[in-house]
């Protein structure tokens, strides 16, 4: 005689097997869809990804008669051979060579180099090339799938995937200026990935891989495509990016609470002018002045000042609010172009 408990146990085992099979099929479908997305996006962009190699200026001969090599990545943005990469890639490598995915090698011309944004544009003498298209980085969301393509440690056309970890980060370039609207991702990057594209699921470039933080894992950064498009267009058309300059040196200081309360300022720091490279444009500035505002924008540090000194302020009168010997004053300066 079959016991009720045996029937129930048998049914439970069958249900468990069916559930496990169903979960297995469901998991497979999810994995397969993810894989198809990454594969399609990669196949769309990878023909436009290039390897950039040459002699590493920072390394000496390795002792066996061979030159130490350096390298990075880049991607083609026009069918006639315009390539975007990082400034530090072209600055650290001599005798540049661009290697296409089909194996062809070209000697590039540097069309423009902007260390302040860590971006550069190269040109090779070729036609009918595959190109990568820019997407809109302003539409990114934290958690969104992103894919990095590059040449880490010389391993060509390596693909890593991850998600957007954070948006609106800032990075300091080698010139000391801040790069704004930087994308943080956990898509694995290594030396050699620099200059390669960060793409979305549609195969659009939404950033250019620029930095990793070692020895931390999963802290990788890319300059957002909105910034890249603006800088690259300037480099192509004008060969450089214009920035304004006040001609001063100084330091960040704490504002005394008494002065903050007296003049109604909530900011705790400001910029103390220690040296003025005197010109007619900044003649109203004096050593010892404390800069609080420029055109009603609060100045707490030099980063605030640099953000406000754009190409649109070159040659135009800017009103500064300053403290001079404890007295609040408004003066006028005219920023000049930074060479």
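The values are calculated or read from the model by the stated rules, or taken from the named source; none is laboratory data. It should be emphasised that the depicted structure is a prediction, and the values quoted were computed from it without experimental measurement. FYI the Cβ positions are ideal-geometry reconstructions off the backbone, even for glycines, and counts take in every protein chain you see.
Can you name the number of the only condition in (1) surrounded by fewer than 16 Cβ atoms within 10 Å (Cβ to Cβ); (2) closer than 26 Å to residue 102 by Cβ that residue 123 fails?
Result: residue 123 passes all but (1).
Go through region 135-153 and report how many residues are surrounded by fewer than 18 Cβ atoms within 10 Å (Cβ to Cβ) and either touching a helix residue (DSSP H, G or I) at 6+ places or on another chain (Cβ under 8 Å) or on the phi > 0 side of the Ramachandran plot (or both).
Number satisfying all stated conditions: 5.
Quick check on region 103-114: of everything there that is in contact (Cβ under 8 Å) with a residue 12 or more places away in the chain and over 25 Å from the mean Cα position of the chain (by Cα), which residue is surrounded by the most Cβ atoms within 10 Å (Cβ to Cβ)?
Step by step, filter region 103-114, then rank; the result is 106.
For region 171-189, enumerate the residues that are in contact (Cβ under 8 Å) with a residue 40 or more places away in the chain and either buried (at least 23 other Cβ atoms within 10 Å of the Cβ) or outside any loop (DSSP other than H, G, I, E, B) (or both).
Within region 171-189, 171, 178, 179, 180, 181, 182, 183, 187, 189 meet the criteria.
Would a scan of region 190-206 turn up a residue that is within 30 Å of residue 306 (Cβ to Cβ), surrounded by fewer than 16 Cβ atoms within 10 Å (Cβ to Cβ) and in contact (Cβ under 8 Å) with a residue 24 or more places away in the chain?
Yes, region 190-206 contains a residue that is within 30 Å of residue 306 (Cβ to Cβ), surrounded by fewer than 16 Cβ atoms within 10 Å (Cβ to Cβ) and in contact (Cβ under 8 Å) with a residue 24 or more places away in the chain.
For region 207-233, which positions are under 23 Å from residue 316 (Cα atoms) and surrounded by fewer than 16 Cβ atoms within 10 Å (Cβ to Cβ)?
230
Condition test on residue 236, is it under 20 Å from residue 132 (Cβ atoms), in contact (Cβ under 8 Å) with a residue 12 or more places away in the chain and surrounded by 12 or more Cβ atoms within 10 Å (Cβ to Cβ)?
Judged against the criteria, residue 236 is a match.
Is region 142-153 home to any residue that is over 16 Å from the mean Cα position of the chain (by Cα), free of Cβ contacts under 8 Å to residues at least 60 places away in the same chain, in a strand (DSSP E or B) and within 21 Å of residue 45 (Cβ to Cβ)?
no
Yes or no: residue 231 under 30 Å from residue 119 (Cα atoms) and modelled with pLDDT of 90 or more?
yes
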